[in-house]
Amino acid sequence: MESTLTTLKGVCRYDGTGYVGWQRQDNGPTVQAAIEDAFAQIAGQPVPIQGAGRTDAGVHALGQAFSCRWPGRPPVRLRHAVSKMLSPRVRIESLDPAPESFNARFSARGKRYVYAYDFGREADPFAARCAWHVPYDVDLALLESCLSKFIGRQDFAGFQSAGSQMKTTVRTVHSITLKPGGWAGPVDHPNLWYLEFHGDAFLYKMVRNICGTLIEVARGRFAPEFIDHQLATLGPFRGHCAPPQGLALAEVIYDPADTTPGPEDEVE
């Protein structure tokens, strides 16, 4: 008799340093493989998981969501057991039963990303794993004034890196906010600032390309009109892509009452 499958929704956080990304692949360790291997040890058989987004090498997560079909009834302390096996680099924040139709990728309605900068003249060693050290004189007021250019529903092809397979490059960015401190580590550090992005979905390296462009404008290399030019182009992006360590997937947003597929997110 075939065992009953239980659909689970999980949320995890991880330090992406040393991983070649979220998605399982042959050229190095991945977060997906680490979780799947832990699940397989406990279940006694493979348990594939579906991530909400495919973070790139070196990118972190504060709230990456995933789903799976667990064989039978999951153990009571499954979340704790997997977290202990993967500690300290990966922690399972929650692991709960979900409707059979739930899919972490296709049920997502939106995402929040955060990107941290270290503007100190010298890099802070405790922030180096989770912030981009930018040792230039940067006009933060100018940077903040440019954020409104990205808000709304528009074609972001000019901020998508080459290699994407997306059918459409139109996305909606609800908000981008500049905040003091860091999203991880020494949050009260005077030289740390971060951007918080909220949108329906994001293209391949779109957030990092925007973050890199904002620094180029704020340090005076490009005029603010460069952003308008990029938004008007068909891409791919050919400017400065911010490095991965400053970026984290902060939250995946779901609407329990909505079962229609949302827009697809790309690897960040």
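All of the numbers you see were taken from the coordinates with simple rules; none came from a lab. What you see is a predicted model, and the numbers here were worked out from it, not measured in a lab. Cβ placement follows ideal geometry from the backbone for every residue including glycine, while neighbour counts extend to all protein chains displayed.
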If you take all C-alpha pairs in the stretch 208-251, what percent of them are over 16 Å apart?
39
Mean 1/r over all different Cα pairs, inverted: what Kirkwood radius does the stretch 1-82 give, in Å?
13.2
Work out how much length E225 to R73 would gain on full extension: take 0.36 nm times their residue separation and subtract the Cα-Cα distance, in nm to one decimal.
49.1 nm
Residue with peak Gaussian network fluctuation, the chain [Cα springs, cutoff 10 Å], from H229, H198, H80:
H229
How many percent of the alpha carbon pairs in the chain exceed a separation of 30 Å?
31
Please compute the volume of the convex hull spanned by the alpha-carbon atoms of the stretch 1-150 and report it per residue in Å³.
141
Among 47-57, 164-174, how do they line up by average Cβ neighbours within 10 Å per residue, starting with the highest?
47-57, 164-174
Distance in Å, no decimals, from the C-alpha centre of the stretch 151-208 to the one of the stretch 10-39 is 22
To the nearest 20 debye, the stretch 5-97 has a Cα-centred charge dipole, built from +1 on Lys and Arg Cβ and -1 on Asp and Glu Cβ, of 320
Calculated [θ] (222 nm, deg cm²/dmol) that DSSP helices of n ≥ 4 give over the chain, each run adding -39,500 (n - 2.57)
-5500 deg cm²/dmol
Taking the radius of gyration and the Kirkwood hydrodynamic radius from Cα positions alone, what is the Rg/Rh ratio for the stretch 109-254, to two decimal places?
0.95
